[in-house]
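Visitor: Just dropping this structure here.
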Amino acid sequence: MTRDELEQRIRTELNLPHFKAQIDDNREYSEDDYQEFKNSLVNYYKAYVQDIDTDFQGGLD
């Protein structure tokens, strides 16, 4: 699949309507490449983003 197809699948499957990948425009991506990319995004979210509201419950003072 192309970069545009990969981005569109991520937007649809992960409900990220404005997602723009920082990946090679000229490469063809396999289903395995896509699954690896998607899993890395999900893992990043779980590790660094998911609980950010917990980190800031005390405010930014």
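Every number in this text was worked out from the coordinates using simple rules, so none of it is lab data. Model, not experiment: these values are computed from the prediction. When we count neighbours, we look across all protein chains shown, and the Cβ atoms used for this are built from the backbone with ideal geometry, even at glycine.
Visitor: Could you please give the count of residues in the stretch 1-21 that are touching an Asp or Glu at 6+ places or on another chain (Cβ under 6 Å) and either in contact (Cβ under 8 Å) with a residue 40 or more places away in the chain or among the aliphatic types (A, V, I, L, M) (or both)?
Guide: Of the residues in that region, 1 qualify.
Visitor: How many residues are outside any loop (DSSP other than H, G, I, E, B) and surrounded by 11 or more Cβ atoms within 10 Å (Cβ to Cβ) if we restrict to the stretch 14-34?
Guide: So the answer is 2.
Visitor: For the stretch 1-13, which residues satisfy the criterion of being exposed (fewer than 13 other Cβ atoms within 10 Å of the Cβ) and not acidic (Asp, Glu)?
Guide: Correct list: Thr2, Thr12.
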